[in-house]
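The values are calculated or read from the model by the stated rules, or taken from the named source; none is laboratory data. Note that this is a predicted model, so its numbers are computed, not measured. A quick note on method: Cβ atoms are made from the backbone with ideal geometry, for glycine too, and the neighbour counts reach across all protein chains shown.
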Amino acid sequence: MEREALIARIEAGMSAGTVPCQDCLVTWFGEGRGHRCVVCEEPITSPDTEVECDLPGGGTVYFHNACFDLWHAALPA
Amino acid sequence: MTARPQRLSALIVDDHEDSRAALAVLLQLHGVDVRTARDGEEAWREIVEAPPDLILCDLHMPNLDGFGFVRRLRADSRLRGTVTIAVSALGGPRDLIETREAGFDGHVVKPISEEALVRLLDRVRSAGPAP
């Protein structure tokens, strides 16, 4: 998916509440295990890196590397 | 993934004495056996002797910094499976890319909240990244 399309999905997801607006409590890096990326909704498979985000108050979401970097840069300061 | 023992051991690597002490107390309150080191070189001597279940490592330290330390650890087949978390006051997008690319298993912004520590320890106890 193109960068611009991913950014648009992040903005729309944050507005709709389907993409988190809070930074991770703990961020984990590992090999993809098939979880669905919260941004692009595609599975994260090996050998892609999976970024796992433990959210404040509970819950965990998963990102592709590139999706995570765009999401993290879009978080409110 | 391999389940780890309930009684975890951790190594705190930080050049700030107050940061080491505060995190050590918090970990001990959660039943973790704690050792400390002031930089990457000191940490390396500690883990070669007895690898812990978890390493919580600051990034900017004298002698051997956190990036150099984790690269050395990942290059050693005996130690590369040790769960190693970057603990840093810096948590911006560029900072997380750097810790990920250096080989850390995760990143936590300090000071570590109790909620973050509990989540982290639960994860390491139950599974943790594959050794």
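Yes or no, residue by residue, for (1) charged (D, E, K, R); (2) touching an Asp or Glu at 6+ places or on another chain (Cβ under 8 Å); (3) outside any helix (DSSP H, G or I):
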{"position": "A:Gly13", "(1), (2), (3)": "no, no, no"}
{"position": "A:Gln22", "(1), (2), (3)": "no, no, yes"}
{"position": "A:Thr27", "(1), (2), (3)": "no, yes, yes"}
{"position": "A:Arg33", "(1), (2), (3)": "yes, yes, yes"}
{"position": "A:Cys40", "(1), (2), (3)": "no, no, yes"}
{"position": "A:Val51", "(1), (2), (3)": "no, no, yes"}
{"position": "A:Ala66", "(1), (2), (3)": "no, no, no"}
{"position": "A:Asp69", "(1), (2), (3)": "yes, no, no"}
{"position": "A:His72", "(1), (2), (3)": "no, yes, no"}
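In the set A:Thr49, A:Thr60, A:Thr18, which member is surrounded by 13 or more Cβ atoms within 10 Å (Cβ to Cβ) and more than 11 Å from the chain's Cα centre (by Cα)?
On the way: A:Thr60 fails: more than 11 Å from the chain's Cα centre (by Cα); A:Thr18 fails: more than 11 Å from the chain's Cα centre (by Cα).
Criteria check complete, one pass: A:Thr49.
Read through the list (1) in contact with a strand residue (DSSP E or B) (Cβ under 6 Å, 6 or more places away or on another chain); (2) without any contact (Cβ under 8 Å) to a residue 24 or more places away in the chain, then give the number of the only condition that A:Arg36 fails.
Of everything listed in (1) in contact with a strand residue (DSSP E or B) (Cβ under 6 Å, 6 or more places away or on another chain); (2) without any contact (Cβ under 8 Å) to a residue 24 or more places away in the chain, A:Arg36 misses just condition (2).
Looking at the structure I just gave you, is A:Leu55 within 13 Å of chain B (Cβ to nearest Cβ), of a type in the set (A, V, I, L, M, F, W, C) and out of contact with any helix residue (DSSP H, G or I) (no Cβ under 7 Å at 6 or more places or on another chain)?
Values: within 13 Å of chain B (Cβ to nearest Cβ): yes; of a type in the set (A, V, I, L, M, F, W, C): yes; out of contact with any helix residue (DSSP H, G or I) (no Cβ under 7 Å at 6 or more places or on another chain): yes.
So A:Leu55 passes the test.
Given (1) in a strand (DSSP E or B); (2) within 11 Å of chain B (Cβ to nearest Cβ), where does A:Val61 come up short, assuming only one miss?
Against the list (1) in a strand (DSSP E or B); (2) within 11 Å of chain B (Cβ to nearest Cβ), A:Val61 comes up short only on (2).
For the stretch B:6-16, check the following and say yes or no: at least one residue is buried (at least 18 other Cβ atoms within 10 Å of the Cβ), more than 12 Å from the chain's Cα centre (by Cα) and over 28 Å from A:His72 (Cβ atoms).
So far as the stretch B:6-16 goes, yes, one or more of its residues are buried (at least 18 other Cβ atoms within 10 Å of the Cβ), more than 12 Å from the chain's Cα centre (by Cα) and over 28 Å from A:His72 (Cβ atoms).
When residues of the stretch B:104-127 are filtered for being at pLDDT below 95, small (Gly, Ala, Ser) and within 17 Å of B:Thr82 (Cα to Cα), how many remain?
Residues that pass the stated criteria total 2.
Are any of the residues in the stretch B:87-98 surrounded by 16 or more Cβ atoms within 10 Å (Cβ to Cβ), under 20 Å from B:Ser9 (Cα atoms), more than 9 Å from chain A (Cβ to nearest Cβ) and under 14 Å from the mean Cα position of the chain (by Cα)?
Yes: the stretch B:87-98 contains one or more residues that are surrounded by 16 or more Cβ atoms within 10 Å (Cβ to Cβ), under 20 Å from B:Ser9 (Cα atoms), more than 9 Å from chain A (Cβ to nearest Cβ) and under 14 Å from the mean Cα position of the chain (by Cα).
Say we look at the stretch B:100-125 and pick out the residues that are part of a helix (DSSP H, G or I) and within 12 Å of the chain's Cα centre (by Cα); which of these is nearest to the other protein chains (Cβ to nearest Cβ)? Steps first, answer last, please.
In the first step, residues of the stretch B:100-125 are kept if they are part of a helix (DSSP H, G or I); the result is B:100-102, B:114-125.
Checking which are within 12 Å of the chain's Cα centre (by Cα) leaves us with B:117, B:120-121, B:124.
On the way: B:Leu117: 9, B:Leu120: 5, B:Leu121: 10, B:Val124: 10 Å.
The qualifying residue nearest to the other protein chains (Cβ to nearest Cβ) is B:Leu120.
Suppose the filter is modelled with pLDDT under 95, surrounded by fewer than 20 Cβ atoms within 10 Å (Cβ to Cβ) and touching a Leu at 6+ places or on another chain (Cβ under 7 Å); does B:Arg35 pass it? I'd like the intermediate steps shown before the answer.
Numbers: modelled with pLDDT under 95: no; surrounded by fewer than 20 Cβ atoms within 10 Å (Cβ to Cβ): yes; touching a Leu at 6+ places or on another chain (Cβ under 7 Å): yes.
The answer is no for B:Arg35.
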